[in-house]
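The values are calculated or read from the model by the stated rules, or taken from the named source; none is laboratory data. Values in this document were obtained by computation on a predicted structure and should not be read as measured data. In this analysis, Cβ positions are derived from the backbone assuming ideal geometry, glycine residues included, and neighbour counts consider all displayed protein chains. The protein model used for the area step is the full one, side chains on, heavy atoms only, and it has no ligands, DNA or RNA in it. Shrake-Rupley method; radii C 1.70, N 1.55, O 1.52, S 1.80 Å.
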Amino acid sequence: MKTRITELLGCEYPIIQGGMAWVAEHTLASAVSNAGGIGLIAGGSAPIDYLREQIHLCKEKTNKPFGVNIMLMSPNADDLAQLCIDENIRVITTGAGNPGKYMAAWKEAGIKVMPVVPSVALAKRMEKSGADAVIAEGTESGGHIGENTTMCLVPQVVDAVEIPVIAAGGIADGRGMAAAFMLGAEGVQIGTRFLASEECQIHPTFKELVIKAKDTDNIVTGRYTGHPCRNIKTKFAKKLATGEKEGTLSPEEFEQLTVGALRRAVVDGDVESGSFLCGAISGMVNDIKSCAEIVKEINDGAEKLLKL
Ligand code: TUI
């Protein structure tokens, strides 16, 4: 499927991997890019030396374009913004903030910039400051989320901007991609489906939780901290949600319990104190496949439906 996104990024399929902190390292990113999509290395809050190494390893594993996701709340965001320029990264996606202050330097370096936006207002601001595309991310996504749904947000962003729009949140198969295209999107960003890929390096317990999850095994925690986060409904996530609801956990105590919780999920598979960030579509993800199979299946499925 050729769209303005495949043209912009020089990839075969308009499928972008989500920039999942702690999850999206070079093995996953290179596999998605080699599959014809755009793989991403997630900056998260990782040290710059680690990210430089991940970028170098990714370059060894693929000649295809790949990108870097910058989590703008990270204390290392400034350094990573510069590292992407120094390393000649071709594609940047951003999340959890407004990347306006970096835009001029990135454009000067010829980087394609695609900020994640949770609202029409931010999409318009991003277009004005020179974004090449925007990723309209619905609240179905895993991790840190906005309020609006993919179904409602995507067509409104499509109507509001001229640049191409990538849909994100709740998309894990050809039907989801076709639906996004019917709403006017020209690409999709996919996270949760890639959690259950052969190349994804997360702890086996995390993959197992994704595969076993039903439609109701998903919960949003931390709304009262200002950083709502969608997770798999583990005992730990339920404990956080109850503490929040019943007022037995202050926002400060909540923050304390969740410091390092993503690492505990991804690296240790710790269900007692880890946060397994995951999208609401996990109930539909039931097996582990290679990234090549996943990308091809989603693209071919969508293409078939859109030609009907
Ligand atoms: O960023 C994500 N998902 C994430 S980031 C993350 S790590 C984290 N840890 C602790 C607190 C926060 C994050 C885990 N998952 N998705 C993209 C996304 N961006 N979702 C929502 C936003 C967003 C929110 C507000 C983007 C821009 C924004 O702008 C506010 C403004 O400045 O106008």
Given (1) outside any helix (DSSP H, G or I); (2) under 23 Å from G146 (Cβ atoms), A241 misses just (1)
Residue pairs within 6 Å by beta carbon, gap of at least six or interchain, first lying in segment 260-271 and modelled with pLDDT of 95 or more, second among the small types (G, A, S), listed first then second, are A261/G274; A261/S275; L262/S275; R264/S273; R264/G274; A265/G274; A265/S275
Scanning segment 96-125 for residues that are open to solvent by less than 10 Å² (accessible area, probe 1.4 Å) and near the ligand (Cβ under 9 Å from one of its atoms) gives P99, P115, V117
All conditions in (1) within 18 Å of G191 (Cβ to Cβ); (2) of a type outside the set (S, T, N, Q); (3) open to solvent by 40 Å² or more (accessible area, probe 1.4 Å) are true of K128 except (1)
When you look at K304, is it under 19 Å from the mean Cα position of the chain (by Cα), among the charged types (D, E, K, R) and on the phi < 0 side of the Ramachandran plot, yes or no? no
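With buried (at least 24 other Cβ atoms within 10 Å of the Cβ) and not in a strand (DSSP E or B) as the only criterion, which of V210, V188 stands out?
Within the list V210, V188, the selection yields V210.
Taking the residues in segment 136-153 that are within 8 Å of the ligand (Cβ to nearest atom) and part of a strand (DSSP E or B) as candidates, determine which candidate is least open to solvent (accessible area, probe 1.4 Å). Give the steps one after another, and end with the answer.
Applying the first criterion (within 8 Å of the ligand (Cβ to nearest atom)) to segment 136-153 yields 137, 141-146.
Filter once more, so that each one left must be part of a strand (DSSP E or B): 137, 143-144.
Values: E137: 29, G143: 6, H144: 76 Å².
That would be G143.
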